[in-house]
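Below you'll find the structure, written out as structure tokens, and then a few comments.
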Amino acid sequence: MGIFDKIKHAIFGEAKAAEPVAAGAPKIEPAQAPASPSAAPSPTPAASPALSKPTTATIDIVPILDAAVKKNGQKLDWRHSIVDLMKAVGMDASLTERKELAAELGYTGDTNDSAKMNMWLHKALMKRLSENGGKVPADLLD
């Protein structure tokens with residue numbers, strides 16, 4: 001399990017992190033059975049657009065991370081600091097761990113410039129959480 005997956009698991013919980021990707025459209029039952037054995041059902045039943053895509057619940061990260069900070073007991077600013085966010089969810093926020101996360105998320109800058117890397121990491125993490133079912137405030141996605 002990579003660093004991002006550990007963070008996602010810590011925020012979304014075990015059920016969401018382990019949720020399998022849907023293998024196809026949900027099964028749709030025909031409204032009526034054929035009137036006679038010779039009447040063949042259509043090969044592809046018509047489905048409304050709402051039923052043709054699996055729905056995924058969006059998880060609001062704000063109350064989860066706010067509660068994690070409160071539980072931690074330290075003054076942590078998860079909204080602006082990748083280090084504080086990692087600490088809030090009980091993870092190792094060492095430079096080594098952050099460099100590994102940077103590699104996972106595709107950081108191409110100088111990993112020795114930790115301030116610049118940390119700012120990039122926070123934004124990239126918020127974007128990735130959003131792409132994976134997290135409801136992230138718009139100001140954290142800019």
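What trypsin sites (Lys or Arg not before Pro) in the range 72-142 are in a loop by DSSP, with at most 13 other Cβ atoms within 10 Å of the Cβ? Display every interim value, and only then the final one.
Values: sites: K75, R79, K87, R98, K99, K116, K123, K127, R128, K135; in loops: K75, R79.
The qualifying sites are K75.
Using the Cα centre of the range 49-142 as origin and beta-carbon charges of +1 (Lys, Arg) and -1 (Asp, Glu), tell me which of L85, I64, N132 is placed farthest towards the positive end of the dipole.
Ranked along the dipole, the leading option is I64.
Run the numbers for K116 and E131: contour at 0.36 nm per residue of separation, minus the present Cα-Cα distance, in nm. Could the numbers behind the result be given before it?
On the way: separation 15, 0.36 × 15 = 5.40 nm, distance 2.28 nm.
Full-extension gain reported as 3.1 nm.
Read-outs: derived from the displayed coordinates by stated rules, not from any lab. In this text the structure is predicted, and so the values were computed from the model without any measurement. We place every Cβ from the backbone using ideal geometry, glycine too, and count neighbours over all the protein chains shown.
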